[in-house]
Amino acid sequence: MSESEDDPAPPPRGQDAPEVADPEVLPAVPAAEDESVAYQQRARLAEDRLAEVLNAYREFRQETEAYRERLTRQFQRKYEQRHEALLLKFIDVLDNFDRALEASQTAGDSLVEGLILVRTQLLTMLQDEGLERIPVVGLPFDPHVSEAVTTVPVDDPDQHHVVMQEMLRGYRIKGKIARASRVAIGEYTAEPVVEAPPPP
């Protein structure tokens, strides 16, 4: 075999040699794809982590708000209990004023007028704080607002179980029964019918 047959002929002058792929450049495309996949995975992990943090924040905020509401309700209950206890003490003062007025009927007019004025001022102040008297006299007996301590015989059947006398005044505080009234209620008893004896 001749030398010209073994060696390839050189390219003609003025023409470039055909490009031969460099083996080191070929893996570049798969590497770019791997990088893109890795970036997407990191992005998904970051999104998942962000979602966890947001959920944890929402739960923490809900727990904080629930705790604040419980604390507010506790303070409100304590305030209302103290408020009611104070008003109940003033109710006792009102009772003493009423007893003093009843006992001072024989005293001078100026003393009675002074007691009435002080009692009126005190009652007005307590009413502004939510205290209200429970009207019961002349009304049907209501066990939810009154306590029957005695009965009074009545002649009219319409007065049966009607409050005839108030022994101790009852009061509400902001619509809630603070002290029930103590009352005497009417009791009607029909006279027994006496049958006429049969004719002889």
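Rounded to whole numbers, the Karplus 3J(HN,Hα) couplings from phi for region 66-79 are 5, 5, 5, 5, 4, 5, 5, 5, 5, 5, 5, 5, 5, 4 Hz, using 6.51 cos²θ - 1.76 cosθ + 1.60 with θ = phi - 60°, and x at Gly and Pro. Within region 41-110, the proportion of C-alpha pairs whose separation exceeds 15 Å stands at 76%.
In plain terms, the bigger the Kirkwood radius, the slower the diffusion; for region 58-186, with that radius from Cα pairs, at 37 °C and 0.692 mPa s, Stokes-Einstein puts D at 187 µm²/s.
With θ taken as phi - 60° and the Karplus curve 6.51 cos²θ - 1.76 cosθ + 1.60 applied, the whole-hertz 3J(HN,Hα) list for region 178-185 is 8, 8, 6, 6, 10, 9, 10, 10 Hz, x standing for glycine and proline.
A cut-off under 14 angstrom between Cβ atoms defines the neighbours of residue 116, and their net charge, with Lys, Arg +1 and Asp, Glu -1, is -2.
Distant-in-sequence amide contacts of residue 178, defined by a placed amide H-H separation under 5 Å and a gap of 5 or more residues or a different chain, comprise 171, 172, 173. Packing order of peptides 53-60, 129-136, highest average first: 129-136, 53-60 (average count of other Cβ atoms within 10 Å over each peptide's residues).
What is the gain in length, in nm to one decimal, between residue 174 and residue 78 on full extension, counting 0.36 nm per residue of separation less the C-alpha to C-alpha distance? Let's see the in-between values first.
Details: separation 96, 0.36 × 96 = 34.56 nm, distance 1.53 nm.
Taking residue 174 through residue 78 to full extension adds about 33.0 nm, to one decimal.
The simple Förster model, with R0 at 22 Å and r as the Cβ-Cβ distance, assigns residue 187 and residue 132 a FRET efficiency of 0.15. Backbone amide hydrogens, once placed in the peptide plane, bring residue 154 within less than 5 Å of 187, 188, 189, excluding anything fewer than 5 places away on its chain.
Note that region 84-96 has calculated 3J(HN,Hα) couplings of 5, 4, 5, 5, 5, 5, 5, 4, 4, 5, 4, 4, 5 Hz, one per residue in order, obtained from phi through the Karplus relation 6.51 cos²θ - 1.76 cosθ + 1.60 (θ = phi - 60°); glycine and proline are x. Think of region 47-116 as a dipole: +1 on every Lys or Arg Cβ, -1 on every Asp or Glu Cβ, centred on the Cα centre; then among 53, 71, 94, 53 lies furthest on the positive end.
Throughout, read-outs are computed from the coordinates displayed, never taken from laboratory work. Owing to the predicted nature of the structure, the values given are computational and were not obtained by experimental measurement. With ideal geometry, Cβ positions are generated from the backbone for all residues, glycine too; neighbour counts draw on all protein chains shown.
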